[in-house]
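Here is the structure we will look at.
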Amino acid sequence: MRDLVRENSLRESDLILPLFVSEKLTQPQPVATMPGVWQQTLDGLRREAEAAWKAGVRSVLLFGIPKEKDEQASQAYADDGIVQQAVRALKKDLPDLVVVTDVCLCEYMSHGHCGIVRHEGGHALILNDESVELLAAAALSHARAGADIVAPSDMMDGRVGAIREALDGAGCQGTVIMSYAAKFCSAFYGPFRDAAESAPAFGDRRTYQMDSANGAEALREVELDVAEGADIVLVKPGLPYLDIVWRVKERFGLPTAVYNVSGEYSMVKAAAANRWVDERSVVMETMLAFKRAGADLVITYWARQVLGWMRDGA
Ligand code: PBG
């Protein structure tokens with residue numbers, strides 16, 4: 001009865017599970033700051049994806065940790081890079097699994113920034129246009145490996161257009177772009193930088209990620225990405241930015257995704273471990289909040305558990 005009068009509900013296919021694959025490991029390794037999240041070997045990733053698929057997960061978002069990092073992020077667009085290998089393996093094992101790849105340079109740069117850095121007069125500058133070229137090459141290499149969706153998360157200007165052009169030019173018109181259109185510079189990414197080993201070695205990401213004080217600017221950022229050809233727009237982090245999710249969905253009406261990020265996850269995990277909150281109730285309430293705010297898709301480290309809880313009637 002309650003279901004008949006509920007305005008919003010979560011569907012299984014709304015959920016996207018982030019997974020980490022490392023080229024450095026011989027054994028899966030738990031991420032200390034994110035209980036339940038692992039850095040996987042390629043084989044471990046295949047097993048984790050298989051288990052997730054059996055649990056009802058229909059799409060995953062891949063992050064790679066390369067063995068070698070340099071100042072050109074070479075492994076981000078190498079044909080035999082760890083993510084490219086992972087995409088091929090997953091599409092072979094589970095052809096119907098929707099594979100989304102994070103397109104960024106930070107995990108592949110020796111300094112951990114999302115773009116090429118030039119040091120000038122005591123300052124570190126991020127070179128936007130040169131970085132965009134590398135991002136387009138990375139996205140294309142993911143698409144060629146079989147990725148269904150590429151998700152640029154770097155926030156350089158013009159990257160969505162460059163990626164669309166590179167994909168179309170190579171016959172990958174069917175590859176979908178999910179752009180991290182409104183990505184705020186946030187302390188909620190803290191635990192992720194352990195998981196992806198991508199903390200910047202100097203400075204911060206304030207010159208290319210958005211100021212959390214700004215809402216209208218987020219809409220302008222989204223507008224640019226939509227004009228450049230984004231198919232799905234993403235707001236990140238999630239819970240502290242539900243107003244942005246709402247405004248983006250209302251204004252553009254595009255498929256809208258929200259990223260329930262690492263800090264949001266780890267805070268609840270820590271509180272639940274202390275029995276200060278009930279994990280299942282808090283998480284299911286959070287998922288519904290995303291839907292109420294207008295999100296179509298939710299990227300969450302809880303995807304598997306949420307599916308289990310949905311099945312036994314949360
Ligand atoms: C950048 C990227 C980040 C996240 C996803 N992609 C981190 C950052 O900007 O530092 C954060 C995700 C999370 O916190 O769960 N490649």
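Observations
- Among the candidates Arg311, Arg304, residue that is modelled with pLDDT of 95 or more, open to solvent by 20 Å² or more (accessible area, probe 1.4 Å) and either in contact with a helix residue (DSSP H, G or I) (Cβ under 9 Å, 6 or more places away or on another chain) or more than 16 Å from the ligand (Cβ to nearest atom) (or both): Arg304
- Beta carbons closer than 9 Å, at least 6 apart along the sequence or on distinct chains, pair a first residue in the range 148-166 that is open to solvent by 10 Å² or more (accessible area, probe 1.4 Å) with a second that is basic (Lys, Arg) for Asp148/Lys91; Met155/Lys183; Met155/Arg205.
- Candidates are the residues of the range 134-147 that are touching a strand residue (DSSP E or B) at 6+ places or on another chain (Cβ under 9 Å) and open to solvent by 20 Å² or more (accessible area, probe 1.4 Å); the one that is nearest to the ligand (Cβ to nearest atom) is Leu134.
- Selection within the range 178-194 - surrounded by 23 or more Cβ atoms within 10 Å (Cβ to Cβ) and aliphatic (A, V, I, L, M): Met178, Ala181, Ala182
- The sole residue among Gln72, Gln85 that is out of contact with any Lys or Arg (no Cβ under 9 Å at 6 or more places or on another chain), more than 15 Å from the ligand (Cβ to nearest atom) and not in a helix (DSSP H, G or I) is Gln72.
- Yes/no for Ser153 being among the hydroxyl-bearing types (Ser, Thr, Tyr) and either touching a helix residue (DSSP H, G or I) at 6+ places or on another chain (Cβ under 7 Å) or farther than 25 Å from Lys249 by Cβ (or both): no
- Conditions (1) modelled with pLDDT of 95 or more; (2) of a type outside the set (Gly, Ala, Ser); (3) touching a helix residue (DSSP H, G or I) at 6+ places or on another chain (Cβ under 8 Å): number failed by Met210: (1)
- Any hit, the range 215-230, residues being surrounded by 20 or more Cβ atoms within 10 Å (Cβ to Cβ) and closer than 27 Å to Trp38 by Cα: no
- Of all the residues in the range 234-255, those that are small (Gly, Ala, Ser) and under 17 Å from Ile299 (Cβ atoms) number 1.
- Meets criteria (among the polar types (S, T, N, Q), open to solvent by 10 Å² or more (accessible area, probe 1.4 Å) and touching a helix residue (DSSP H, G or I) at 6+ places or on another chain (Cβ under 8 Å)) for Gln85: yes
- Hits in the range 195-223 - residues which are in contact with a strand residue (DSSP E or B) (Cβ under 8 Å, 6 or more places away or on another chain), within 19 Å of Ala162 (Cα to Cα) and more than 16 Å from the ligand (Cβ to nearest atom): Val222
- Considering the range 232-265, the residues that are of a type in the set (Gly, Ala, Ser) and open to solvent by less than 20 Å² (accessible area, probe 1.4 Å) include one that is farthest from the ligand (Cβ to nearest atom), namely Ala257.
- Among the conditions (1) closer than 27 Å to Gly174 by Cα; (2) of a type in the set (D, E, K, R); (3) in contact (Cβ under 8 Å) with a residue 24 or more places away in the chain, Arg220 misses just one, which is (3).
- Meeting the requirement of 1 or more residues that are more than 17 Å from the chain's Cα centre (by Cα), the strands (runs of 3 or more DSSP E) wholly within the range 106-157 are 116-120, 123-127.
- Scanning the range 195-214 for residues that are open to solvent by 40 Å² or more (accessible area, probe 1.4 Å) and of a type in the set (Ser, Thr, Tyr) yields Thr207, Ser212.
- Filtering Asp102, Asp80, Asp3, Asp43 for residues that are in a strand (DSSP E or B) and either within 16 Å of the ligand (Cβ to nearest atom) or of a type in the set (D, E, K, R) (or both) leaves a single hit, Asp102.
The values are calculated or read from the model by the stated rules, or taken from the named source; none is laboratory data. The shown structure was predicted, so the numbers you read here are calculated from the model rather than taken from an experiment. Virtual Cβ from ideal backbone geometry, glycine too; neighbours counted across all protein chains shown. Only protein heavy atoms, including side chains, enter the accessible area calculation; ligands, DNA and RNA are left aside. Shrake-Rupley method; radii C 1.70, N 1.55, O 1.52, S 1.80 Å.
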